[in-house]
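S.K.: Below is one structure. I have some questions about it.
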Amino acid sequence: MPIKVARWQDDSISPLIFMIDDLANIYIKERYGDWGGRRSSVDSVYQFLEKELLNYHPYLRFTFFVVTDKRTPQVVGQYDYVENCNSGCFDSFLKQLDTSGHEIAYHGTNHGEVVDGEFVQEWDFFQTEEDATSQTREGLNLLSSAINRRVLGGKYCGYKPGKFGHSSIRDNKIKWWFDTWDSLADVRPHGEFIEGIYYLPSNVDCSQYLMSTIGRVPLSKYFKSQVKNILRGNIIDKIDYLLSGQGIISLQEHTSPIRTDKKIQYPNVVYDLHNIRTILEYLKQFNVWYTTPSEVYFYELAKKNLEIKKTNNGFYLILNNVEFADVSGYLTIVLGDMSIVKNATDYYFVNEDELLLNIAYKDLLSGVFLIKV
């Protein structure tokens, strides 16, 4: 009687994580100038996401990487409105996102500092390990207080860890993190655990435009994308490669194209909209798990801590990790034998030869028997 843990939940091919960086309590008074400060009001970035993406793909779940304090402008210029994440009802907006199936994650306190006319990313700016750990702790606490729960993960600003990045998040007991840009799809496509932190891949730049975007985006950026497509292959090729190996697909985006220095922020959900829609339409033909980093982390952690014991009449499964006591979600078990009595939260047939059992983490903590009859 064959039994195994599915590579991903519901025996899906790959997880898809939709990352949106730099959500913050700021905005610029221009069209598409909202970085989050307008919350869910008219002309807000979230209203744009609802209208242009969620209306067509309601199963989508975003992971918003939040700059928690007053974000530093891009060298020159100023925001028209800038506050921290606990001001002006922004905390209520974050709670709304968090309870709507999206994830709130950490992305620094101010994103960095301007030094001698140059922008220095936040973790590059830290001069000591204590500075990095202390400021990261303050930022995490500020964001956790805004959403009334512990923030589990985040991302370095500009993918720049500085000298003390890993230790600063390790010592703050972070569960998962995005640490670098994985331009090659075959680099750690399933993520990796390092000292208890689950590092996930960042691998799909939605501003590397497909040929079909001609006339919909700035020409200079379009032609740069076509050069990348020739040299590296286009993003659909990259997605196909990730799907073939059941790798994690991480879509990279930002909130707004408008910066204080008048340059265009790439990638951004506004200019990249046609590209994003093309990617999502393409993925409809596959069994993709639309998820969040925390859900992927807990699934991978459960797999690492699951013990399967063969018995005379079946199998005994137990999850040896008390961290799952308050975690919702489940492991998917693949059975090749149909004659199983299940003790699980849900089950369904995939085809004539395969049965999937979805067993809740909390049930696995006390142990589950799968009995052959």
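S.K.: How would segment 241-304 be classified by its alpha-carbon gyration tensor: rounded, prolate or oblate, with rounded meaning a/c under 1.5 and the a/b versus b/c comparison settling the rest?
M.R.: Cα axes put segment 241-304 in the oblate bin.
S.K.: Work from the charge dipole of segment 13-296 (Cβ charges, +1 for Lys and Arg, -1 for Asp and Glu, about the Cα centre) and give the residue of 146, 106, 20 farthest towards its positive end.
M.R.: Farthest towards the positive end: 20.
S.K.: Taking square-rooted eigenvalues a ≥ b ≥ c of the alpha carbon gyration tensor, is segment 1-120 rounded, prolate or oblate, where a/c under 1.5 means rounded and, failing that, a/b exceeding b/c means prolate?
M.R.: Judged from the Cα gyration tensor, segment 1-120 comes out prolate (a/c at least 1.5, a/b above b/c).
S.K.: Among 59-66, 110-117, what's the highest-first ranking by average C-beta atoms within 10 angstrom per residue?
M.R.: Top to bottom by mean Cβ count within 10 Å: 59-66, 110-117.
S.K.: Further question on the same structure: Enumerate the amide H contacts of residue 23 below 5 Å, restricted to partners 5 or more residues apart or on another chain; note that Pro and chain-start residues carry no placed amide H.
M.R.: For residue 23, the qualifying residues are 65, 67.
S.K.: State to the nearest 20 debye the size of the charge dipole of segment 86-130 about its Cα centre, where the only charges are +1 on K and R beta carbons and -1 on D and E beta carbons.
M.R.: 380 debye
S.K.: Additional query: Report the dimensions of segment 13-296 along its three principal axes from the alpha-carbon atoms, largest first, rounded to Å.
M.R.: 45, 44, 40 Å, listed from the longest principal axis down.
Readers should treat all values here as calculations from the given coordinates under stated rules, not as data from a laboratory. Remember, it's a predicted structure, so these values are computed and weren't measured experimentally. Please note: Cβ atoms are built from the backbone with ideal geometry, for glycine as well, and neighbour counts cover all protein chains shown.
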